[in-house]
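The structure under discussion appears below in the form of structure tokens.
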Amino acid sequence: MFIEFLEKIISINEIIPDLITKFIQIFNIPEFLQESIAESFNLVPFLFIIFVFIEISENYFSEKIEKLSLSSRLWGPFIGSCLASLPQCGFSIIATILYIKKFVSLGTLIAVYISTSDEAIPILLANPSMFSSILPLIFTKIIIGVMAGYLIDFIFKPQLKINDEKIKLEEHGCCHHKIHSKVSKLLIHPLKHTLNIFLFILIFNCILSFSLEYAENTISTLFNTNIFMQVLIASIIGLIPNCAASVLVVMLYLKSIIGFGSLIAGLSTNAGLGLLVLFKNNENLKDSFKIVCILFLISLISGLFLNFIY
């Protein structure tokens, strides 16, 4: 039944072009926005399928991920980076809570934040022309995360608790939905998530198209002639603790407005809701700001270096 449902979702993609054409005709959409609207609607079935699989992995494997993240001290940054690179919503939140409770090190937390790709992978997967960017993106972020994590743990010697203490995590995904929901709800959150991301993409696509139509020279000058500014802006955008930040960074990359280095910088500072949970639950405000500064500097330097060698 589940497979049949997914097949119906895929079949919907065949009628989307006709619906888009009628929508454009009815509302007399300007020509420069038509392509952006079409692109956004075409992504919906693919995004939904991808988010269904992400939801299943979160519900049935999140406990194993949590136990694995607690199981090793020496391999913390490496394990954290690899797990965070998987398309999922809640691991940066889990890592943040584990850090606050001193079960994982600062280096592991930074490695998780850097390697988290949030909405980037699903959006790139939904764009076949971008498949070649997915593996370089994942491996680059893992390498940066692992190197940064071990360097930070070398500088800031971690004082961690022993793993025999039981810890209960209130696990939530990026839209504040509870993980470990019933099977009947496995399709509800992916649908909500798909609609949210679709709206983000549609809005950003239209804004970018409008900007390129009326201010192309200004935007090109800002992003193309000043590489430092490009990476800096991407890094700052990534610090916004929301799905929209990673969506915006990826959309800028898809439109060839920013380069690969800037993409890495923006997605490295973006830790989903991890930073929001950090500031909400960490009583040491100075420590939270220190983490943000470390994350920002590593992402900025990495982005500049990658833009220089690419």
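Give me the number: length gained by fully extending ASN127 to PHE228, i.e. 0.36 nm times residue separation minus the C-alpha to C-alpha distance, one decimal in nm. Each step should come with its number before you reach the end.
On the way: separation 101, 0.36 × 101 = 36.36 nm, distance 2.76 nm.
Difference between extended and current length: 33.6 nm.
Scan around VAL104 for amide H atoms under 5 Å from its own, H built in the peptide plane at 1.01 Å from N, and keep only partners 5 or more places away or cross-chain.
TYR99
Which distance in nm do the two modelled labels at LEU195 and PHE139 give, with both placed 7 Å along the Cα-to-Cβ direction?
For the pair LEU195/PHE139, the computed spacing is 4.0 nm.
How would you classify region 241-298 from its alpha-carbon gyration tensor, with a ≥ b ≥ c the square roots of the eigenvalues: rounded for a/c under 1.5, else prolate if a/b is greater than b/c, otherwise oblate?
Numbers: a/c = 5.09, a/b = 2.05, b/c = 2.48.
Oblate, since a/c reaches 1.5 and b/c is not below a/b.
At 0.36 nm per residue, minus the direct Cα-Cα distance, what do LYS290 and LYS255 gain on full extension? Give it in nm, one decimal, please.
The span from LYS290 to LYS255 would gain 9.3 nm if fully extended.
For a footprinting-style exposure proxy, rank GLU283, GLU55 by other Cβ within 10 Å, fewest first. List each step's numbers first, then the result.
On the way: GLU283 7, GLU55 24.
With the fewest neighbours first, GLU283, GLU55 line up as GLU283, GLU55.
Quick one: TYR310, TYR99, fewest Cβ neighbours within 10 Å first, how do they rank? Mind dumping the intermediate values first?
Working: TYR310 10, TYR99 27.
Fewest-to-most Cβ neighbours within 10 Å comes out as TYR310, TYR99.
With 18 Å as the limit, write out which pairs from LYS157/LYS280; LYS192/LYS280; LYS157/LYS290; LYS102/LYS286; LYS141/LYS290; LYS102/LYS157 have Cα-Cα distances beyond it, or answer none.
Numbers: LYS157/LYS280 24 Å; LYS192/LYS280 25 Å; LYS157/LYS290 15 Å; LYS102/LYS286 16 Å; LYS141/LYS290 21 Å; LYS102/LYS157 12 Å.
Distance filter (> 18 Å) returns LYS157/LYS280; LYS192/LYS280; LYS141/LYS290.
What is the distance, in nm, between label points placed 7 Å from the Cα along the Cα-to-Cβ direction at GLU283 and at TYR310?
Rounded to a tenth, the inter-label distance reads 4.3 nm.
Going by how many other beta carbons lie within 10 Å of each one, how would you line up SER117, SER246, SER40, SER133, fewest first?
The fewest-first ordering by Cβ neighbours comes to SER133, SER40, SER117, SER246.
Throughout, read-outs are computed from the coordinates displayed, never taken from laboratory work. Predicted model, so just to flag it, every value in this text is computed and none were measured. Glycine also receives a Cβ, built like all others from the backbone with ideal geometry; neighbour counts cover every protein chain displayed.
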